[in-house]
Amino acid sequence: MDTIDEINSLIAKYNFPLEVLQDVNHRLECCKDDFYVKQQLRYLNNLVNAGLVSEK
């Protein structure tokens, strides 16, 4: 599974705030570098691991 697929999987599974989704989307539109995409995945995972989002 590539990084974008992992991001999509998290978004499908969890209720992220709209502001988070808009921010990540904007950042990914601006930069397609693999390192930067992985950084966005880590950000989403950190929100999940901190318990700041709930499962759908």
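The values are calculated or read from the model by the stated rules, or taken from the named source; none is laboratory data. Being a predicted model, the structure only gives us computed values, none of them experimental. Cβ placement follows ideal geometry from the backbone for every residue including glycine, while neighbour counts extend to all protein chains displayed. The area values use the complete protein model at the heavy-atom level, side chains included, leaving out ligands, DNA and RNA. Shrake-Rupley method; radii C 1.70, N 1.55, O 1.52, S 1.80 Å.
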Where a residue in segment 8-19 is in contact (Cβ under 8 Å) with a residue 12 or more places away in the chain and its partner, wherever it lies, is in a helix (DSSP H, G or I) and of a type outside the set (A, V, I, L, M), with Cβ under 9 Å and at least six apart: Leu10/Asn45
Cβ-Cβ under 7 Å pairs, at least 6 apart or on other chains, segment 27-44 side modelled with pLDDT of 95 or more, far side exposed (fewer than 12 other Cβ atoms within 10 Å of the Cβ): none
Those residues of segment 1-44 which are of a type in the set (S, T, N, Q) and outside any helix (DSSP H, G or I) amount to Asn15
Hits in segment 45-56 (condition: in a helix (DSSP H, G or I) and touching a residue at least 24 places away in the same chain (Cβ under 8 Å)): Asn45, Leu47, Val48
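Taking segment 1-22 as the region of interest, how many residues are farther than 19 Å from Gly51 by Cα and of a type outside the set (A, V, I, L, M)? Break it down into steps so the answer makes sense when it comes.
Taking segment 1-22 first, the residues farther than 19 Å from Gly51 by Cα are 1-5, 22.
Checking which are of a type outside the set (A, V, I, L, M) leaves us with 2-3, 5, 22.
Number satisfying all stated conditions: 4.
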Filtering segment 6-36 down to residues that are more than 9 Å from the chain's Cα centre (by Cα) and open to solvent by less than 50 Å² (accessible area, probe 1.4 Å) yields Tyr14, Leu28, Cys31
Over segment 37-56, the set of residues open to solvent by less than 80 Å² (accessible area, probe 1.4 Å) and more than 14 Å from Glu6 (Cα to Cα) is Leu47, Ala50, Gly51, Val53, Ser54
